[in-house]
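The values are calculated or read from the model by the stated rules, or taken from the named source; none is laboratory data. What you see is a predicted model, and the numbers here were worked out from it, not measured in a lab. A quick note on method: Cβ atoms are made from the backbone with ideal geometry, for glycine too, and the neighbour counts reach across all protein chains shown.
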């Protein structure tokens, strides 16, 4: 087996580790901090973050962005994609980056359209006693 | 001999015309392609959840009110703490997995075995926690009634300004009504199992206490469930059809049936991934103990199951966000 070269810097080279094991623990600390912030925000729910931006609450945008950051560090450092060749990186990441946003856009748009139709259009949809 | 044939097994790097564009072992490459396709499967599920949620954006159940349990803390409202702990357990077992892979690169058999064992324990704890979550979800806490149009009404105490479980206010009736099975009466007629608390008993309790009212599934502008006045609640409850306690695939006390369906399907599918990951880890762990990879001279198999294990962790990060936080 070829020798294992690890890239030991995260945060675009701002944080360098001495060994691969140290880097793993460093990434764990980072992921734990992000999760702790998520849970704290989810429990406190600061009122200012409950306003809407592009149809979704700012708080939920923060959660989604933090999740993607966590996903990045799990794949890049735990699944050591950081150490792979660019071709392999792209083979893995590019199909997902194209297909998932596409699916998201189509289905969420359709979902809100159906909501509007059921909300404004078909009053008889709700067989309530009123 | 078995051992000598194993020691001859050698993973060749795919040639790629000499330039080695991917520079990865065949098995690892295939594990990556499987992960990519599985990632698309999970995103399909989560996007379907998003679709249903956007379709019912004004009446979706609030996760903080559903997942409030923590082991050994009965009756204490602890939203999300337990799932956060589960997330941490899974991330931690991912870390021990990377450490096992790293020890494998140094051909350190004992360390690989030690870290694999920790990973297996972490995975087992996670699956157990998941089962406990399911148990609480299925059992339910407050109970509710379903009305004719299929909506769920949850009971609310106006005086104490909080939700009230049905078993705290119902008036038990002396009349006993037994389940109609097909071995009594007409052979082709039977009915579903009767709830422990009947609708009549709940209605008697409701009429007895003027402080009680109901909450709708609908959310107001601030994202809270709409609480009706006593008079409106009486009109709504006139069309009550059944008592709902806990959750199944047809109806649940939390609100929209789709909420429980997606919860069972997505966390169940993920839990099955974790379970099969634990099984794979155990197989590899036994092989490490037997010295299979030591004889091969490389621990590539640990790296491959490691990739799968991290992927399971990765999926959980998304499930956690979209089911519990957003």
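With respect to the conditions (1) surrounded by fewer than 20 Cβ atoms within 10 Å (Cβ to Cβ); (2) not assigned by TED's automatic domain parsing to the domain that holds residue B:124, residue B:237 lacks only one, and its number is (1). Output yes when any residue across region B:213-221 is within 19 Å of the chain's Cα centre (by Cα) and more than 27 Å from residue B:168 (Cα to Cα), and no when none is. Looking for residues that are within 19 Å of the chain's Cα centre (by Cα) and more than 27 Å from residue B:168 (Cα to Cα), one finds none in region B:213-221, hence no. Residues in region B:171-200 that are within 20 Å of residue B:232 (Cα to Cα) and either buried (at least 16 other Cβ atoms within 10 Å of the Cβ) or in contact with a strand residue (DSSP E or B) (Cβ under 9 Å, 6 or more places away or on another chain) (or both): B:199 only.
Of all residues in region A:73-90, those being without any contact (Cβ under 8 Å) to a residue 60 or more places away in the chain and in a loop (DSSP other than H, G, I, E, B) number 3. Comparison of B:101, B:83 shows that the only residue that is crowded, with 16+ Cβ neighbours inside 10 Å, within 14 Å of another protein chain (Cβ to nearest Cβ) and modelled with pLDDT of 90 or more is B:101.
Go over the candidates B:147, B:197, B:171, B:164 one by one and state the one that is under 26 Å from the mean Cα position of the chain (by Cα) and in contact (Cβ under 8 Å) with a residue 12 or more places away in the chain.
B:164
Just so you know, in region B:53-64 the residues that are outside any loop (DSSP other than H, G, I, E, B) and buried (at least 18 other Cβ atoms within 10 Å of the Cβ) include one that is farthest from the other protein chains (Cβ to nearest Cβ), and it is B:63. Quick check on region A:44-54. Is at least one of its residues surrounded by 15 or more Cβ atoms within 10 Å (Cβ to Cβ), free of Cβ contacts under 8 Å to residues at least 40 places away in the same chain and either within 7 Å of chain B (Cβ to nearest Cβ) or assigned to a helix (DSSP H, G or I) (or both)? Within region A:44-54 (the criterion being surrounded by 15 or more Cβ atoms within 10 Å (Cβ to Cβ), free of Cβ contacts under 8 Å to residues at least 40 places away in the same chain and either within 7 Å of chain B (Cβ to nearest Cβ) or assigned to a helix (DSSP H, G or I) (or both)), the answer is yes, since at least one residue qualifies. The helices (runs of 4 or more DSSP H) found wholly in region B:225-326 and carrying at least 3 residues that are closer than 21 Å to residue B:151 by Cβ occupy B:230-237, B:257-262.
Only one of the listed residues (A:65, A:69, A:58) is more than 7 Å from every other protein chain (Cβ to nearest Cβ), at negative phi and exposed (fewer than 11 other Cβ atoms within 10 Å of the Cβ). That residue is A:65.
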